[in-house]
1. As a footprinting exposure proxy, order R130, R123 by other Cβ within 10 Å, with the fewest listed first.
2. Here are some pairs, K108/K185; K91/K176; K134/K176; K86/K134; K7/K176; which of them have Cα atoms lying more than 28 Å apart in this structure?
3. Determine, for each peptide in 36-44, 108-116, the mean count of other beta carbons within 10 angstrom over its residues, then list the peptides with the highest first.
4. Using each residue's phi in the range 67-74, evaluate 6.51 cos²θ - 1.76 cosθ + 1.60 at θ = phi - 60° and report the 3J(HN,Hα) Karplus result to the nearest Hz, with x for Gly and Pro.
5. If you scale each eigenvalue of the Cα gyration tensor by 5 and take the root, what three semi-axes come out for the chain, rounded to whole angstrom and sorted largest first?
6. List every residue whose amide H lies under 5 Å from the amide H of D59, counting only residues 5 or more places away in sequence or on a different chain, with H placed 1.01 Å from N in the peptide plane.
7. When the Karplus curve 6.51 cos²θ - 1.76 cosθ + 1.60 is applied with θ = phi - 60°, which whole-Hz ³J(HN,Hα) does each residue of the range 173-179 get, with x for Gly and Pro?
8. What's the magnitude of the charge dipole for the chain around its Cα centre, counting Lys and Arg as +1 and Asp and Glu as -1 at the beta-carbon? Answer in Debye, nearest 20.
Amino acid sequence: MKINWKKIWYFLWKDDSWESLLVSAALVLIIGKFILLPALGFMLGTQLPIVAVVSNSMDHDTGFNTWWENNAEEYQNFDINKSEFKEFKMKNGFNRGDAIIVVGKDFKELKVGDIIIFQTNSRSEPIIHRIIEKGDNWVSTKGDNNPTQLNFEKQIHKDDILGVAKIKIPFIGWVKVGFLMLLGKI
């Protein structure tokens, strides 16, 4: 049986039918999930090269100075002052619906202020929060918009860290957020 590549090409790229649209969408998802994301992960040194922000835990819904006034006490408990925080990457946090490019980083290179992506047994989705304390083989994090630390982030083992936030891409993550909302997962 001979494959007619011209008909396949026409069906995928020029045909305006629902069938063509569905097959094309399926191919995009399959290629993205099983080829592009693993390749990107390999290049960036992490198994999770891009994450969608699905919560408001890192929002700064006011200007930095107002945000700091409302949150200073919690950070000062960890010996982080305003001038130090201003030097942190993504000092203004990020919003639900943003996408974050993640890179792998050696645990020894992590420092207070870095935003990490980590997995925990108590949550199915990875968490993306800022390091506020570091030990020999663990870190402690906090969501910038959370009033206090959550119990599961008080001592995150180095093996549970998936990577470090590198680049924020606004709004792209709304595709995942919308899908999760539709399914009732958030």
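FYI, it's all coordinate maths here, none of it is from the lab. Predicted model only: the values in this text are computed from it and were never measured. Cβ atoms come from the backbone with ideal geometry, glycine included; neighbour counts cover every protein chain shown.
1. Numbers: R130 27, R123 12.
The fewest-first ordering by Cβ neighbours comes to R123, R130.
2. Working: K108/K185 35 Å; K91/K176 24 Å; K134/K176 31 Å; K86/K134 19 Å; K7/K176 33 Å.
Table pairs above 28 Å Cα-Cα are K108/K185; K134/K176; K7/K176.
3. Numbers: 36-44: 14.2, 108-116: 15.8.
Top to bottom by mean Cβ count within 10 Å: 108-116, 36-44.
4. Result, rounded to whole Hz: 4, 4, 4, 6, 10, 4, 4, 4.
5. Values: eigenvalues 306, 68, 39 Å².
Semi-axes (√(5λ), whole Å): 39, 18, 14.
6. Counting only residues 5 or more places away or on other chains, the set is F94, N145.
7. Per-residue couplings from phi come out as x, 4, 4, 5, 4, x, 5 Hz.
8. On the way: 23 positive and 22 negative charges, 175 e Å.
The calculation lands at about 840 debye.
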